[in-house]
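**Q** Quick one: this structure, given as structure tokens, is what I'll be asking you about.
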Amino acid sequence: MNLNTLRATTFIATLFALVFSLGASAVELDDRHALDGVKTGKALFDIASGNPNAMVTVLDIVGETIDGLKRQGVEPQIVVAFRGPAVRFLSGDSSRIPPEHAATAMELATRIEQLAARGVRIEACGITTRMMKMDNATLVKGVQPVANTFNSLIGYQSKGYALIPVF
């Protein structure tokens with residue numbers, strides 16, 4: 001067997017193994033063990049990250065979480081609470097958004113509006129808006145200003161919401 005034949009055989013064997021393993025991983029994953037007997041899934045996402053790209057990713061995952069819960073017969077009750085540096089990117093006033101983050105802030109506003117339309121409650125910390133001298137009336141569509149998201153965290157956890165911190 002010459003070197004080229006050996007390489008071709010190795011390549012074909014590797015390709016076959018890769019295709020076979022990909023087929024094996026295509027099994028639909030679920031969360032039935034954790035969700036067994038659960039009728040309502042209450043989650044509180046506490047977002048304090050000042051990274052707008054990460055915020056968009058987290059909101060995409062919130063959407064996937066809702067889809068996964070519904071697919072598995074669990075009714076989602078989701079709250080997303082923004083505080084600290086994250087709140088800056090909730091402004092509808094483009095002059096408050098650094099130019100390098102303008103496009104991402106628009107994506108973020110779209111995700112927020114989509115999630116709010118799906119019944120997700122989205123809150124912004126009033127302490128943060130006050131400290132940043134933001135007008136609550138300029139928050140993007142779908143965001144509800146609250147006095148203090150720490151109070152929200154306390155209240156929702158007291159009502160049985162699972163806290164999911166995002167920093």
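The values are calculated or read from the model by the stated rules, or taken from the named source; none is laboratory data. The shown structure was predicted, so the numbers you read here are calculated from the model rather than taken from an experiment. Cβ placement follows ideal geometry from the backbone for every residue including glycine, while neighbour counts extend to all protein chains displayed.
**Q** Taking segment 31-72 on its own, how many of its residues are in contact with a helix residue (DSSP H, G or I) (Cβ under 8 Å, 6 or more places away or on another chain) and farther than 30 Å from ARG96 by Cβ?
**A** Of the residues in that region, 6 qualify.
Yes/no per residue for (1) at pLDDT below 95; (2) touching a Phe, Trp or Tyr at 6+ places or on another chain (Cβ under 9 Å); (3) surrounded by 12 or more Cβ atoms within 10 Å (Cβ to Cβ):
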{"position": "ALA124", "(1), (2), (3)": "no, yes, yes"}
{"position": "ILE127", "(1), (2), (3)": "no, yes, yes"}
{"position": "MET131", "(1), (2), (3)": "no, no, no"}
{"position": "MET134", "(1), (2), (3)": "no, no, yes"}
{"position": "PRO145", "(1), (2), (3)": "no, no, yes"}
{"position": "GLN157", "(1), (2), (3)": "no, no, yes"}
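**Q** Still on this structure, please answer the following. Which residues, taken from segment 90-120, are farther than 16 Å from ALA48 by Cα, part of a helix (DSSP H, G or I) and within 16 Å of the chain's Cα centre (by Cα)?
**A** THR104, MET106, GLU107, ALA109, THR110, ARG111, GLU113, GLN114, LEU115, ALA116, ALA117
**Q** So if I check each of VAL87, VAL58, VAL38, which one is assigned to a loop (DSSP other than H, G, I, E, B), surrounded by 14 or more Cβ atoms within 10 Å (Cβ to Cβ) and touching a residue at least 12 places away in the same chain (Cβ under 8 Å)?
**A** Of the residues listed, the single one that is assigned to a loop (DSSP other than H, G, I, E, B), surrounded by 14 or more Cβ atoms within 10 Å (Cβ to Cβ) and touching a residue at least 12 places away in the same chain (Cβ under 8 Å) is VAL38.
**Q** Can you report the number of residues in segment 64-84 which are farther than 22 Å from THR129 by Cβ, of a type outside the set (A, V, I, L, M, F, W, C) and either part of a helix (DSSP H, G or I) or touching an Asp or Glu at 6+ places or on another chain (Cβ under 7 Å) (or both)?
**A** 7
**Q** As an exercise: evaluate GLU123 against (1) acidic (Asp, Glu); (2) under 19 Å from ILE61 (Cα atoms); (3) part of a helix (DSSP H, G or I) and give the number of the one condition it does not meet.
**A** (3)
**Q** Yes or no: GLU107 in contact with a strand residue (DSSP E or B) (Cβ under 8 Å, 6 or more places away or on another chain), at pLDDT 95 or above and surrounded by 14 or more Cβ atoms within 10 Å (Cβ to Cβ)?
**A** No; evaluated as a whole, the condition is false for this residue.
**Q** Another one. Identify all residues within segment 126-142 that are in a helix (DSSP H, G or I) and either polar (S, T, N, Q) or without any contact (Cβ under 8 Å) to a residue 12 or more places away in the chain (or both); write none if there are none.
**A** THR128, THR129, ARG130, MET131, ASN136, ALA137, THR138
**Q** Does segment 29-44 contain any residue that is closer than 26 Å to ALA105 by Cα and either modelled with pLDDT of 95 or more or touching an Asp or Glu at 6+ places or on another chain (Cβ under 6 Å) (or both)?
**A** Yes - at least one qualifying residue is present in segment 29-44.
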